[in-house]
Amino acid sequence: MKILILGSTGMLGKEVFRLLSNTGNLSIFTSARSDMKDSKNHLKIDLLESSSIEKIENICPDIVIYCVANTSIEYCEKNPDIAKRIHGDIPSKISSICKKIFYISTDSVFDGSNAPYRESDKPAPVNSYGLSKVYGEEQIRKHAKDYVIIRTNIFGIQSSRGKSLTEWAISNLQNGKSINGFHDLKFNALSVYQLAEAINFLIGCNFSGTINVAGDYSISKYEFLNYIANYIGIDESLVIKSDSRDFFNVARPKNTTLSIKNIKQLGFTNLKLKEGMEYIANKIREV
């Protein structure tokens, strides 16, 4: 089976590549805007260029794992057309030239007023980022031969931009700087390692459709940052309990906790916060 990972140098893409490269009977291809020295089959392209689709088609992938995204809420709000292209138009075109696409969506497709959210709940995004992901989901369902839409929220380090929530928190905490943790924003994020394992699991069981893949818990961003401080051995008092309304101009959903009943019924169990935090601690030790 030939699998192409798009966005392979990003935080999630690197973990998916690492995991699938150690799985037998798979031919792994990668693609990103930058080089990837660990990949023997790497295509350096910018998906915003029209020629990129033809180059991907030449690979003839059985499965495409679309890890490409711009998760900056502010950027997407200022550039909604680009957000729609990255999260909707481009993966839609790619989905029509492969046998199956894995599309990484988000818990931000919901407005945060009625958690926990099931796969059958109607999306109601509150910002352009969420809108672009809803649009992407709709395009995938319309054009893909076969698909898996994964709604999730992830954390990790070594992102392509170096600006993930976890990286920001660790950088400041290690330098003795206080950080704001929002008590009014709740979620059940999963580490990129755990999501990569879930993707491998869903490939193996030949799942198709939309599924939530998130943590087996629901906590505030304040509690989450306290967990990070605890796991890297830093004084938790540096995390200041704050209200998100005092810091953001762009609307954010308050509680995007996802129901994980369906992924658990399929038999996937690596959904605990402890395992995710241990992954982060190990990554820090590697640096």
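The values are calculated or read from the model by the stated rules, or taken from the named source; none is laboratory data. Here the structure is a predicted model, which is why all the values come from computation and not from measurement. Every residue, glycine among them, receives a Cβ derived from its backbone with ideal geometry; neighbour counts consider all protein chains shown. Heads up: the accessible areas ignore ligands, DNA and RNA and are worked out on the full protein's heavy atoms, side chains in. Shrake-Rupley method; radii C 1.70, N 1.55, O 1.52, S 1.80 Å.
Among the residues of the range 198-246, count how many are under 18 Å from the mean Cα position of the chain (by Cα) and of a type in the set (S, T, N, Q).
So the answer is 4.
Among the residues of the range 78-107, write down those that are open to solvent by 20 Å² or more (accessible area, probe 1.4 Å), of a type outside the set (A, V, I, L, M) and closer than 23 Å to SER208 by Cβ. Outline the logic, then answer.
If we filter the range 78-107 for residues that are open to solvent by 20 Å² or more (accessible area, probe 1.4 Å), which is where we start, we get 78-82, 84-86, 89, 93, 96-97, 99.
The next check asks that each one be of a type outside the set (A, V, I, L, M); those that pass are 78-81, 84-85, 89, 93, 96, 99.
Residues satisfying the conditions are ASP89, LYS93, SER96, LYS99.
Being open to solvent by 50 Å² or more (accessible area, probe 1.4 Å), farther than 30 Å from ILE97 by Cα and of a type in the set (S, T, N, Q) is true for just one of ASN188, ASN172, ASN180. Which residue is that?
Details: ASN188 fails: open to solvent by 50 Å² or more (accessible area, probe 1.4 Å); ASN172 fails: open to solvent by 50 Å² or more (accessible area, probe 1.4 Å).
Just one listed residue meets the conditions, ASN180.
Got a sec? Which of ILE211, ILE199, ILE234 is outside any loop (DSSP other than H, G, I, E, B) and out of contact with any Lys or Arg (no Cβ under 9 Å at 6 or more places or on another chain)? Give the derivation first.
Working: ILE211 fails: out of contact with any Lys or Arg (no Cβ under 9 Å at 6 or more places or on another chain); ILE234 fails: outside any loop (DSSP other than H, G, I, E, B).
Criteria check complete, one pass: ILE199.
When you check ASN22 against the structure, is it loosely packed, with under 15 Cβ neighbours inside 10 Å, within 26 Å of PHE201 (Cβ to Cβ) and modelled with pLDDT of 95 or more, yes or no?
Numbers: loosely packed, with under 15 Cβ neighbours inside 10 Å: yes; within 26 Å of PHE201 (Cβ to Cβ): yes; modelled with pLDDT of 95 or more: no.
In short, no.
Checking the conditions here, which among LYS122, LYS142 is assigned to a loop (DSSP other than H, G, I, E, B), charged (D, E, K, R) and out of contact with any Phe, Trp or Tyr (no Cβ under 8 Å at 6 or more places or on another chain)? If you could, list the steps in order and put the result at the bottom.
Details: LYS142 fails: assigned to a loop (DSSP other than H, G, I, E, B).
Sole residue among the options that is assigned to a loop (DSSP other than H, G, I, E, B), charged (D, E, K, R) and out of contact with any Phe, Trp or Tyr (no Cβ under 8 Å at 6 or more places or on another chain): LYS122.
Among the residues of the range 53-77 satisfying the criterion of being touching a residue at least 12 places away in the same chain (Cβ under 8 Å), part of a helix (DSSP H, G or I) and out of contact with any strand residue (DSSP E or B) (no Cβ under 8 Å at 6 or more places or on another chain), which is surrounded by the most Cβ atoms within 10 Å (Cβ to Cβ)?
Restricting to residues being touching a residue at least 12 places away in the same chain (Cβ under 8 Å), part of a helix (DSSP H, G or I) and out of contact with any strand residue (DSSP E or B) (no Cβ under 8 Å at 6 or more places or on another chain), the top hit is CYS76.
Looking at GLY112 and the list (1) more than 20 Å from GLY7 (Cα to Cα); (2) at pLDDT below 95, which single condition is not satisfied?
Failed condition: (2).
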